[in-house]
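Novice: My structure is below; once you've seen it, I'll send some questions.
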Amino acid sequence: MKHYTRYPGNFLIYLFLPFLFTLLIFGMGRFVGGGDAALNFAARTGTTNIIVYEILGSAVWMTSWVVVEDVGVALRDEQMKGTLEQNFLAPVNRFTLLVGMSLTDIVITTGIFFIVVGATLAITLPSSLLSLIPAFLILLVGLIPLFGIGFLFAGFVIRFKEPYIFIQTVNLLFATLTGTYYPVTFLPYWAQFVSGVLPQTYVIDEMRQIILANQTLVNLYGSVFVLLALALAYPILGYGIFKRIEKRAGVTGEFSKY
Amino acid sequence: MKPVEVQLLSKAFETKEGPLLRKTPRTLVAVDKISFSVSKGEIFGLLGPNGAGKTTTIKMLCTLITPSSGDAFVNGFSVMSDQQKVRENLGVMLTGERTLYWKLTGRENLEYFAALYHMEPAYSRKRIEELLGLVGLKERESTFVENYSTGMRIRLSFAKALLNEAPVLLFDEPTSSLDPQSSRLIRDIIRELKEKGHAIILTTHNMEEADLLSDRVAIVDHGKIVTLGPPAELKEKVKSNDIIEIEAKNLSDRVTEALESFSEVSKVAVSSADSAEEKGLLRVHAEKGKEVLPRILEFLVRKQTVITKVSFIEPTLEDVFIAETGRSLRD
């Protein structure tokens, strides 16, 4: 915690990024979409509240970015600092290290999500403020499969170094495929298939349903069930692959290589 | 079983070399079937030049690198199958100052690692207090490590290795980059740890340090142990020859090779004495050194070598290394 707070710039950017992304999308719709943009938006998304719709997508995307990047890059960060081997010398299992190294940042980012979305709702849709609680629960469940994706990246990063190429590319793909700024139903069929296996798709959709369409978790049980299944599958798969790559790294002596 | 048992431990790295698309696979044997053991209360030195395989051996012992074959046991636990238990029984100091968190203070670094070793908070506070005093960092405990000098960082790294009071301690070049005063402090602490019964493995390319501290030394070259024993015994073996040390300028490989053809000379090794002045240090192992010395000097003068100093010296571990490998440790 102390170590993270000594690099405070990260937290400030997390606070403003969702608003900046939303403004970008809002501006594009307003200035490029023309006079009917708002009407078209309502027809296609089922809501007239563009700001809340987009801020939810942006905030989930940002949180997802942080989790995948933090877990994925945590080891590389330690490797660059020179402290990775020191951590690996301790009698602590790798799972605890991977989660522990990124947890502080993730807790803070999730807290920032709560503030960003809460503030937006308080200003634009105060009647839905209470629905923030079930929506936040969905986000917390949605973090679990993201850890799995992070583990997978942690493995790739040990093997191929250069973490940011992988992670930034995939995070941008996530924004395209998970309905961050538009409904996934407008994507081509094959892309919808990919969306269907990405946890963020369900998190974003369920949160919008809860906040903008007054749905309850019970009404959304089918989608919640899929999210829970992904929350189980991704960590098992991601950690399994990470362990294989990590074992190989012990053979090749990758840990001390930059 | 002794605290450390190393049995035919080997490590080969598969690498690819050459330009992109034309890389050829190559196997680099870093450690080649080495075996040794370390008893309780013993300091065991691994001495050898850079690249000899000392650090790879240490990294295999502390589970950072998986051996290609063989096995090693730390307090009875195998590095191949009981890695977590091995780590619990080890205190390790790896080379370099970037083994700490620079944005944390000295105390915070120790607190972090104490937590990783599952140390009780009350006990770890007491232990950290003790260690900061031991390595002379008590007054700077609240300073960020980024503001420490290199020597202070190395002392803190050394203290980190002692946190969990492990029965087996591995120190990889513990005094490299330290000033003489700090080096002496670290050596004194290592001796105290030996008295307390810790089994200690020390890697160094500093022969004086290996000689001063080690109960037994294994001289390592190209991944193999070329000789092993107490320093005094090893030096005794090379005493049958006189050892002449000649400091000179304009030493060439051809000159040193020619010296080896002298019938009385058994080994010649050259190392750099003063790189700024381009001086070389020639070590000649010779029978009846006093008789052959005038001929050696005459030969060197004839080859336009500028001799600045000549002395007969007592054998050191460097001479053991030269006798075994034909090269200087400082090559």
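Novice: Calculate the FRET efficiency for B:R22 and A:L237 from the Cβ-Cβ distance with a Förster distance of 30 Å, rounded to the nearest 0.05.
Specialist: Step by step, r from the Cβ atoms, then E = 0.25.
Novice: With a point put 7 Å past each Cα toward its Cβ, work out how far B:R302 is from A:T252 in nm, to one decimal.
Specialist: For B:R302 paired with A:T252, the spin-label model returns 5.6 nm.
Novice: Please work out the Cα center distance from the stretch B:152-168 to the stretch B:192-260, rounded to the nearest Å.
Specialist: For the stretch B:152-168 versus the stretch B:192-260, the Cα centre distance is 26 Å.
Novice: Ok, one more. Shielding of B:108-121 by partners, i.e. mean partner chain Cβ atoms within 10 Å per residue?
Specialist: 3
Novice: Just grab the label-to-label distance for A:V194 and B:E260, each label 7 Å out from Cα along the Cβ direction, in nm (one decimal).
Specialist: A separation of 6.3 nm, rounded to one decimal place.
Novice: How well do other chains shield peptide A:39-52, expressed as the mean number of their Cβ atoms within 10 Å of each residue Cβ?
Specialist: Per-residue shielding by partner chains comes out at 0.
Novice: Among B:A199, A:T124, A:A59, flag the residue with its Cα farthest along the positive direction of the charge dipole of the protein assembly as shown, charges on Cβ as +1 for Lys/Arg and -1 for Asp/Glu.
Specialist: A:T124
Novice: What percent of all Cα-Cα pairs in the stretch A:2-252 falls into each 10 Å bin, going from 0 up to the bin containing the maximum distance?
Specialist: 7, 30, 34, 20, 8, 1, 0
Novice: Run the helix sum for chain B: -39,500 (n - 2.57) per DSSP H stretch of 4+ residues, divided by residue count, reported at 222 nm to the nearest 500 deg cm²/dmol.
Specialist: -10000 deg cm²/dmol
Novice: Taking a probe of 1.4 Å, how large is the accessible area per residue of chain B, in Å²?
Specialist: Spelled out: the 1.4 Å probe surface of chain B, per residue, equals 46 Å².
Novice: Which FRET efficiency value, to the nearest 0.05, do you get for B:I313 and B:S240 by plugging their Cβ-Cβ distance into 1/(1 + (r/R0)^6) with R0 = 22 Å?
Specialist: E(calc), rounded to 0.05, equals 0.90.
Novice: Right, here's the next one. Write out the trypsin sites (Lys or Arg not before Pro) in the stretch B:15-120 meeting two conditions: DSSP loop, and at most 10 other Cβ atoms within 10 Å of their Cβ.
Specialist: In loop regions of the stretch B:15-120 (DSSP not H, G, I, E or B), the sparsely surrounded trypsin sites (Lys or Arg not before Pro) are B:R22.
Novice: If the only charges are +1 at each Lys and Arg Cβ and -1 at each Asp and Glu Cβ, what is the size of the charge dipole of the stretch A:2-252 around the Cα centre, to the nearest 20 debye?
Specialist: That gives the stretch A:2-252 a dipole magnitude of about 500 debye.
Novice: How many square angstrom of accessible surface are buried between B and A, both sides summed, with a 1.4 Å probe and rounding to 100?
Specialist: 2500
Novice: Also, I was wondering about something else. If I fit a long axis through the Cα atoms of helix B:289-302 and take the longest principal axis of the Cα atoms of chain B, what angle between them do I get, 0 to 90°, rounded to 10?
Specialist: 80
Novice: Would you mind telling me which residue in B:L293, B:L193, B:L317 has the biggest mean-square fluctuation in a Gaussian network model of chain B, where springs connect alpha carbons within a distance under 10 angstrom?
Specialist: Among B:L293, B:L193, B:L317, the largest mean-square fluctuation in the Gaussian network model of chain B belongs to B:L293.
Novice: With every protein chain kept in place and ligands, DNA and RNA left out, what is the accessible area per residue of the stretch A:17-155? Probe 1.4 Å, answer in Å².
Specialist: I get 38 Å² per residue for the stretch A:17-155.
Novice: Taking only the alpha-carbon positions of chain B and ignoring solvent, what does the Debye formula give for the base-10 log of I(q)/I(0) at q = 0.07, 0.09, 0.15 Å⁻¹?
Specialist: Scattering profile of chain B, log10 relative to I(0): -0.35, -0.57, -1.20.
Novice: Using a Gaussian network model of chain B with C-alpha springs under 10 Å, which one of B:S182, B:S261, B:S272 is most mobile by mean-square fluctuation?
Specialist: Result: B:S261 has the largest fluctuation of those listed.
Novice: Then there's this: Ignoring ligands, DNA and RNA, what percent of the accessible area of the stretch A:2-252 is carbon or sulfur (1.4 Å)?
Specialist: 73
Novice: On a 0 to 90° scale, report how tilted helix B:106-116 is relative to the longest principal axis of chain B, with both axes built from alpha carbons and the result rounded to the nearest 10.
Specialist: Approximately 70 degrees, to the nearest ten.
Novice: Another question about this same structure. On average, how many beta carbons from a partner chain sit within 10 Å of the beta carbon of a residue in B:58-68?
Specialist: So the per-residue partner count for this stretch is 4.
Novice: Largest first and in whole Å, what are the equivalent-ellipsoid semi-axes of the stretch B:111-218 based on the Cα gyration tensor, each being the root of 5 times an eigenvalue?
Specialist: 24, 18, 11
Novice: Another question, if that's okay. Compute the acute angle (0 to 90°) between the alpha-carbon long axis of helix B:180-195 and the principal axis of greatest extent of the alpha-carbon atoms of chain B; round to the nearest 10°.
Specialist: The angle comes out at about 70 degrees.
Novice: A further question follows. Based on alpha-carbon centroids, what's the gap between the stretch A:52-105 and the stretch B:82-140 in Å, whole number please?
Specialist: Here the two parts' Cα centres lie 23 Å apart.
Novice: Using R₀ = 25 Å, calculate the FRET efficiency as 1/(1 + (r/R₀)^6) where r is the Cβ-Cβ separation of B:K196 and B:Y123; round to 0.05.
Specialist: Approximately 0.90, to the nearest 0.05.
Novice: Pick from B:Y148, B:Y123, B:Y101: which is most flexible by mean-square fluctuation in a GNM of chain B where alpha carbon atoms under 10 Å apart are linked?
Specialist: Between B:Y148, B:Y123, B:Y101, it is B:Y123 that shows the largest mean-square fluctuation.
The values are calculated or read from the model by the stated rules, or taken from the named source; none is laboratory data. Nothing here was measured: the structure is a model prediction, and the numbers come from that model. No Cβ is skipped: glycine too gets one built from the backbone with ideal geometry, and neighbour counts run over all protein chains shown. Ligands, DNA and RNA are stripped out before the accessible areas are found, and what is left, the full protein with its side chains, is counted by its heavy atoms. Shrake-Rupley method; radii C 1.70, N 1.55, O 1.52, S 1.80 Å.
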